[in-house]
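Remarks on the structure that follows.
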Amino acid sequence: MEKNMDVLALGELLIDFTENGVSSQGNPIMEANPGGAPCNVLAMLSKLGHKAGFVGKIGRDIFGTQLKGALAEVGIDMRGLVESDDVRTTLAFVHTLEGGDREFSFYRNPGADMMLSEDDIDGDYIGSAKIFHFGTLSMTHEGCRRATQKAIDIAKESGAVISFDPNIREPLWDDLDTMREQIMYGLSRCDILKISDNEIVWLTGEPDYEAGVRWIRDRFDISLILVSLGRDGSMAYSKSYKAVVAPFLQENTIETTGAGDTFGASVLHYVLENGLKDYTEAELEEMLIFANAAASIITTRKGALRVMPTEAEVMELIKNNR
């Protein structure tokens, strides 16, 4: 099968209502930003010149129309996007805490993203991807879980590299045992894992991140593991080497929405450019420097999907911080 798509991502496409000021009556003003981790990843990859496509479901409503427009604007292929007359587009309300971290309230009972079914999966489309990327929000409920697993199976059989970002959102799960079970499933299928500092501690019970990576490696054969550390930078582990790279801290950080997705997309960009292999320490450092810089830029902007940095902007930040 011809691999004419660089990356396909499956999962949630939704509206992030983010705080953007206060009204004259003292109420928070909410801005309807297009969002969803998989499409944030795809938006950055598209900005970097890759062919990126989305697989997921939205409602045939005003928010779905807005999301389709946003995907078209940033160049994401929509052949895998399904519209439903029966369920509404998923909404998330994001409260930004002091320092830029976030709290989420999801309106998703049900939301269109969780209603993706096995019948919605186009095997030829999935098979066209060089890299297939997924998270856990498409695995919270049985129907979309089966659809996700079907897509992963097709991608695996077609020879695609499988990329996984757990992107844990505890309130969306009926119980944490099921969440852990599905994360472990993702780990068993992926070639590339991007996991955050708090997620690796929760999953492995190891407060030391390197010990957490060893815990994962003892159980799963994953070629490339990335640990994002927020304001402390990031770590990367190939089969034989590791690297730790400091962050690019910004004085004008607004929020962290999309930072992890921008980081993950930058790693996939490096893999597309160089192939997936046993990267040396120097190669891992090169990968992380670019990814950290890109993630740093997105923290200075409201939203994520529509405002991803260009390669030139990333390289300029790196140059100015050498």
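Annotations for the structure displayed:
- Residue match in the stretch 6-14 (condition: farther than 21 Å from H133 by Cβ and surrounded by 23 or more Cβ atoms within 10 Å (Cβ to Cβ)): no
- Residue within the stretch 177-195 that is surrounded by fewer than 17 Cβ atoms within 10 Å (Cβ to Cβ) and farther than 23 Å from E118 by Cα present: yes
- Of the residues screened, A70 is one that is over 20 Å from T253 (Cα atoms), touching a Leu at 6+ places or on another chain (Cβ under 7 Å), surrounded by fewer than 23 Cβ atoms within 10 Å (Cβ to Cβ) and in contact (Cβ under 8 Å) with a residue 60 or more places away in the chain.
- Filtering the stretch 128-142 to residues that are in contact with a Cys (Cβ under 9 Å, 6 or more places away or on another chain) and more than 19 Å from L224 (Cα to Cα) leaves L137, S138.
- Condition met for I168 (over 22 Å from D122 (Cα atoms), surrounded by 20 or more Cβ atoms within 10 Å (Cβ to Cβ) and under 18 Å from the mean Cα position of the chain (by Cα)): yes
- In the stretch 137-154, residue surrounded by the fewest Cβ atoms within 10 Å (Cβ to Cβ) [restricted to those that are over 30 Å from V94 (Cβ atoms) and of a type outside the set (K, R)]: D153
- Criterion (within 16 Å of R306 (Cβ to Cβ) and touching a helix residue (DSSP H, G or I) at 6+ places or on another chain (Cβ under 9 Å)) met by exactly one of V41, V94: V41
Matching residues to (1) on the phi > 0 side of the Ramachandran plot; (2) of a type in the set (D, E); (3) buried (at least 18 other Cβ atoms within 10 Å of the Cβ):
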site	(1), (2), (3)
W215	no, no, no
D218	no, yes, no
S228	no, no, yes
D232	no, yes, no
T262	no, no, yes
V271	no, no, yes
E285	no, yes, no
A295	no, no, yes
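- Strands (runs of 3 or more DSSP E) enclosed by the stretch 18-105 - at least 1 residues per element that are polar (S, T, N, Q), modelled with pLDDT under 95 and more than 25 Å from V267 (Cβ to Cβ): 91-96
- From the list F104, F63, F134, the one residue that fits, being under 25 Å from I183 (Cβ atoms), surrounded by fewer than 22 Cβ atoms within 10 Å (Cβ to Cβ) and in contact (Cβ under 8 Å) with a residue 24 or more places away in the chain, is F104.
- Residues within the stretch 165-214 that are basic (K, R) and touching a strand residue (DSSP E or B) at 6+ places or on another chain (Cβ under 8 Å), tallied: 3
- The stretch 117-126 - residue that is in contact with a Gly (Cβ under 9 Å, 6 or more places away or on another chain) and under 15 Å from E157 (Cβ atoms) and, of those, surrounded by the most Cβ atoms within 10 Å (Cβ to Cβ): I126
- The stretch 273-314, residues that are among the hydroxyl-bearing types (S, T, Y) and at pLDDT below 95: T299, T300
- Test: D124 is out of contact with any strand residue (DSSP E or B) (no Cβ under 8 Å at 6 or more places or on another chain), among the acidic types (D, E) and in contact (Cβ under 8 Å) with a residue 24 or more places away in the chain: yes
The values are calculated or read from the model by the stated rules, or taken from the named source; none is laboratory data. Everything quoted here is computed from the prediction, not taken from an experiment. No Cβ is skipped: glycine too gets one built from the backbone with ideal geometry, and neighbour counts run over all protein chains shown.
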